[in-house]
Amino acid sequence: DAGVTQSPTHLIKTRGQHVTLRCSPISGHKSVSWYQQVLGQGPQFIFQYYEKEERGRGNFPDRFSARQFPNYSSELNVNALLLGDSALYLCASTKTPGHLTGELFFGEGSRLTVL
Amino acid sequence: TQLLEQSPQFLSIQEGENLTVYCNSSSVFSSLQWYRQEPGEGPVLLVTVVTGGEVKKLKRLTFQFGDARKDSSLHITAAQPGDTGLYLCAGGGQTGANNLFFGTGTRLTVIP
C-alpha cells in the first residue's frame, strides 16, 4: 500500500510568489494535517482537516491556507512568500482525529526554498 | 503555547554506548509520542505513552512518561549506527484534533 505522498518534493520560489503543495493520504485515512519544519527544529502544526472541514489551526498568518478534497487529498497554499517560509512542509494522515493513541503517518515532505 | 524542550540538542556517541534523551515541558499533555526522523524522510512513530509513570520498552529503547505527564525520557541501550537520526518528542494537543506539539529535537549520531 502506498504511504502518504507529497508533491513536489523540492521547489524554489522568490519572495512575493505563491506556492501550492499537495498531499495524498494513505488509503482509508480521512484526516490530513500539515506541519512546517524549519531546518534544525521540530515540526510546527499548521492545519488539520477531517472530512473536508478544518479541525485545527496553528499559529500561522493568513497567508497560509489549506483545503481538503472529496477524495481526502489536500492542498496547502502559501501566498506572498517570505524568506522565512523556507522549510520542509510535512503532510501527515490518520484515520480519524483526536484519538489519544492515534498515529500520524508522515510523508517525505516538500522542501521549499524562498530566494 | 505548549513548549517541549529536548536535551541534549546534539549527541555523538560510540557504538555500544548507552544514552538518554530528555523531553521537558511546563504543560501537562494528554499523551506523548516519540518519533525518529531520518534525512529526507518524514518522522516515524516509535511509541505513544498515555499514563503518568508509564514505561514502555521497544527492543533496546525504553520510554518513560513522567508521573505528572509533563516530561518524558528515551533511553537507548547499546546504541548502533542504525539508531542515528533526529529524535522528536511530541505532546498531544487539544482533544478532537491531532495538532501535536513537537519538541526541539535531539540529533543522535552513533559512530561505528
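The values are calculated or read from the model by the stated rules, or taken from the named source; none is laboratory data. These numbers were taken from a predicted model, which means no experiment stands behind them. Neighbour counts run over all protein chains shown; Cβ positions are idealised from the backbone, glycine included. Accessible surface is based on the protein model in full, side chains and every heavy atom, while ligands, DNA and RNA are left aside. Shrake-Rupley method; radii C 1.70, N 1.55, O 1.52, S 1.80 Å.
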Checklist entry - Which one is farthest from the other protein chains (Cβ to nearest Cβ) among residues in the range B:11-37 that are open to solvent by 40 Å² or more (accessible area, probe 1.4 Å) and more than 14 Å from the chain's Cα centre (by Cα)? => result B:Gly16
Checklist entry - Can you tell me which residues in the range B:60-74 are open to solvent by 60 Å² or more (accessible area, probe 1.4 Å) and modelled with pLDDT of 95 or more? => result B:Arg60, B:Gln64
Item to check | Among (1) aliphatic (A, V, I, L, M); (2) surrounded by fewer than 22 Cβ atoms within 10 Å (Cβ to Cβ); (3) part of a strand (DSSP E or B) - the single one A:Ala80 does not satisfy | outcome: (3)
Checklist entry - Looking at the range B:40-66, which of the residues that are of a type in the set (Ser, Thr, Tyr) and out of contact with any His (no Cβ under 8 Å at 6 or more places or on another chain) is farthest from the other protein chains (Cβ to nearest Cβ)? => result B:Thr51
Checklist entry - For the range A:1-52, what are the residues that are without any contact (Cβ under 8 Å) to a residue 12 or more places away in the chain and open to solvent by 50 Å² or more (accessible area, probe 1.4 Å)? => result A:Gly40, A:Gln41
Checklist outcome for this item: Taking the range A:60-69 and keeping only residues that are over 14 Å from the mean Cα position of the chain (by Cα) and within 23 Å of B:Gly92 (Cα to Cα), one is left with A:Pro61
Item to check | Single residue of A:Gln36, A:Gln41, A:Gln6 found to be within 30 Å of B:Arg69 (Cβ to Cβ) and assigned to a strand (DSSP E or B) | outcome: A:Gln36
